[in-house]
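The structure appears right after this line, and notes come after that.
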Amino acid sequence: MAEKLHGNQEKYASDERRWRDVGAGLSVLDIHEENGRRLQLVRLTPGGRILAHKHAGTEICYIIKGSLVIDGNRLRAGDVLTAPPGTVHRETYSNEGCELMIECSPDDELLRS
């Protein structure tokens, strides 16, 4: 259960919030959205994929555990990837499964495959 802290702060465990099953082995937890920025915790099962998309703003990914391949570039736990506005990610997947934190624009666009 969420705990209210001093100064309108809130503390909660990630599993206390509602994860969205997006399909293709992808689950997303929306943590916060404000001023045109979105913070999400993302889980991919082994073999999971993220659909092709174009970034409306800068994307910052931090790999918490496992590994992720984005357009042929393999990211491992502890790696950070920054992608400028306009970047297109065509192929994003995880062979072993992974968990990552993403800060991005809520206006990112899914692309047709």
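Okay, residues lined up against (1) surrounded by 14 or more Cβ atoms within 10 Å (Cβ to Cβ); (2) touching a residue at least 40 places away in the same chain (Cβ under 8 Å):
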residue	(1), (2)
ASP15	no, no
GLY48	yes, yes
HIS53	yes, yes
CYS61	yes, yes
ILE70	yes, no
ARG76	no, no
VAL80	no, no
GLY97	yes, yes
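Criterion first (touching an Asp or Glu at 6+ places or on another chain (Cβ under 6 Å), more than 17 Å from GLU109 (Cβ to Cβ) and either among the aromatic types (Phe, Trp, Tyr) or assigned to a strand (DSSP E or B) (or both)) does ILE63 satisfy it? It would help to see each step written out before you state the result.
Values: touching an Asp or Glu at 6+ places or on another chain (Cβ under 6 Å): yes; more than 17 Å from GLU109 (Cβ to Cβ): yes; either among the aromatic types (Phe, Trp, Tyr) or assigned to a strand (DSSP E or B) (or both): yes.
Judged against the criteria, ILE63 is a match.
Has the stretch 34-45 got any residue that is of a type in the set (D, E, K, R) and part of a helix (DSSP H, G or I)?
In the first step, residues of the stretch 34-45 are kept if they are of a type in the set (D, E, K, R); the result is 34, 37-38, 43.
Still in the running and part of a helix (DSSP H, G or I): none.
Checked against the condition, which is being of a type in the set (D, E, K, R) and part of a helix (DSSP H, G or I), the stretch 34-45 yields no hits at all.
Among the residues of the stretch 103-111, are any in contact with an Asp or Glu (Cβ under 9 Å, 6 or more places away or on another chain) and outside any loop (DSSP other than H, G, I, E, B)?
Here is the first cut: in the stretch 103-111, the residues in contact with an Asp or Glu (Cβ under 9 Å, 6 or more places away or on another chain) are 103-106, 108.
Going one step further and asking which of them are outside any loop (DSSP other than H, G, I, E, B), we end up with 103-104.
Yes, the stretch 103-111 has at least one match.
Just checking, how many residues over the stretch 66-78 are within 20 Å of ARG112 (Cα to Cα) and assigned to a strand (DSSP E or B)? Steps first, answer last, please.
Taking the stretch 66-78 and keeping what is within 20 Å of ARG112 (Cα to Cα), we get 69-72.
Then keep just the ones that are assigned to a strand (DSSP E or B); that gives 69-70.
Total satisfying the criteria: 2.
Hey, among ALA52, ALA56, which residue is in contact with a strand residue (DSSP E or B) (Cβ under 9 Å, 6 or more places away or on another chain), farther than 20 Å from SER27 by Cα and aliphatic (A, V, I, L, M)? Spell out the reasoning first.
On the way: ALA52 fails: farther than 20 Å from SER27 by Cα.
Of the residues listed, the single one that is in contact with a strand residue (DSSP E or B) (Cβ under 9 Å, 6 or more places away or on another chain), farther than 20 Å from SER27 by Cα and aliphatic (A, V, I, L, M) is ALA56.
What residue, among those in the stretch 18-47 that are more than 18 Å from VAL69 (Cα to Cα) and of a type in the set (D, E, K, R), is modelled with the lowest pLDDT?
Among residues in the stretch 18-47 that are more than 18 Å from VAL69 (Cα to Cα) and of a type in the set (D, E, K, R), the one modelled with the lowest pLDDT is ARG18.
The values are calculated or read from the model by the stated rules, or taken from the named source; none is laboratory data. It should be emphasised that the depicted structure is a prediction, and the values quoted were computed from it without experimental measurement. Cβ: placed from backbone, ideal geometry, glycine included. Neighbour counts: every protein chain shown.
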